[in-house]
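Working notes, structure below.
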Amino acid sequence: MISALRGLILFVLAMLGQWWWNTHFSYWGAAPQFLLALTVLIAARRGPVAGMLIGFGWGLYLDVARAELFGASALVLTLAAYFVGVARRQIDLRAVGPLAATTFLFTYAAFLGHGLLGLVFTKSFESPGWMPLLLTPVLNAVAVTVAAVVWDARGER
C-alpha cells in the first residue's frame with residue numbers, strides 16, 4: 001500500500017515538475033525532459049513492464065499538454081522503457097555512467113521517433129530545433145544522474 005502511494009506521488013510530482021521547469025526555465029526551447037529521464041530510470045531499476053506503464057501514463061500527459069500529434073509521446077516513452085528493459089540485460093544500468101549514456105542516446109531516439117511519427121501522420125518531420133537537439137540530451141543525462149543518486153540513496157532498488 002505504501003509503495004503504491006509513493007509511486008502515485010512520484011507520478012504526479014514528476015508531471016508537475018516537468019510542467020513547472022518547462023514553463024519557467026526553458027531557454028531557447030531547451031529543457032530537460034524529466035519524464036523521459038525518469039522513465040529510463042524506472043525501466044532500468046524496476047524492469048520494462050513498470051517502465052512501460054509509467055512511460056505510457058506520462059506520455060499521455062505530454063500528449064495532452066501539447067496538442068500536436070496525439071499519442072506520439074505515449075508511444076515513444078513506452079518504446080523507450082521497453083528497449084531500456086531489454087538493454088539492462090546486456091548493460092549494467094545500475095551504474096550511473098551507463099545510465100546517463102543510455103538516457104543521452106534515448107533522448108536522440110525520442111527526437112527521431114517524434115519526427116518520424118510526424119512525417120508519417122502529418123507529412124512533416126517534427127523537429128524540436130537546433131538548441132533543444134543539442135542541449136536536451138545533456139540536460140537529460142544530468143537529470144537521470146541526479147535522480148539515480150537520489151533513488152540509490154533512498155535504497156529504492
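The values are calculated or read from the model by the stated rules, or taken from the named source; none is laboratory data. Just so it is clear, the model here is predicted, and its values are computed rather than measured. Neighbour counts are summed over all protein chains in view; Cβ atoms, including those assigned to glycine, are modelled from backbone coordinates with ideal geometry.
Tyr108 satisfies every condition listed in (1) modelled with pLDDT under 90; (2) surrounded by fewer than 15 Cβ atoms within 10 Å (Cβ to Cβ); (3) in contact with a helix residue (DSSP H, G or I) (Cβ under 8 Å, 6 or more places away or on another chain) except (1). When each of Arg89, Arg46, Arg66 is tested for being surrounded by 15 or more Cβ atoms within 10 Å (Cβ to Cβ), among the basic types (Lys, Arg) and without any contact (Cβ under 8 Å) to a residue 12 or more places away in the chain, the lone residue that passes is Arg46.
If only residues of region 121-145 that are out of contact with any helix residue (DSSP H, G or I) (no Cβ under 9 Å at 6 or more places or on another chain) and more than 18 Å from Arg66 (Cβ to Cβ) are counted, the one that is surrounded by the most Cβ atoms within 10 Å (Cβ to Cβ) is Leu135. Could you list all residues from region 146-157 that are modelled with pLDDT under 90 and either at negative phi or buried (at least 17 other Cβ atoms within 10 Å of the Cβ) (or both)? Result: Trp151, Asp152, Ala153, Arg154, Glu156, Arg157. Anything in region 94-145 that is closer than 18 Å to Ala30 by Cα, outside any helix (DSSP H, G or I) and more than 16 Å from the chain's Cα centre (by Cα)? List them, or say none. Passing the criteria: Glu126, Ser127, Gly129.
Condition check ((1) at pLDDT below 90; (2) farther than 21 Å from Thr103 by Cα) across all residues:
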position: Ala4; (1), (2): yes, yes
position: Phe11; (1), (2): yes, no
position: Tyr27; (1), (2): yes, no
position: Leu36; (1), (2): no, no
position: Val40; (1), (2): no, no
position: Arg46; (1), (2): no, no
position: Ala50; (1), (2): no, no
position: Ile54; (1), (2): no, no
position: Gly57; (1), (2): no, no
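Taken together, the criteria exclude Gly17 from residues that are surrounded by 15 or more Cβ atoms within 10 Å (Cβ to Cβ), part of a helix (DSSP H, G or I) and under 12 Å from the mean Cα position of the chain (by Cα).
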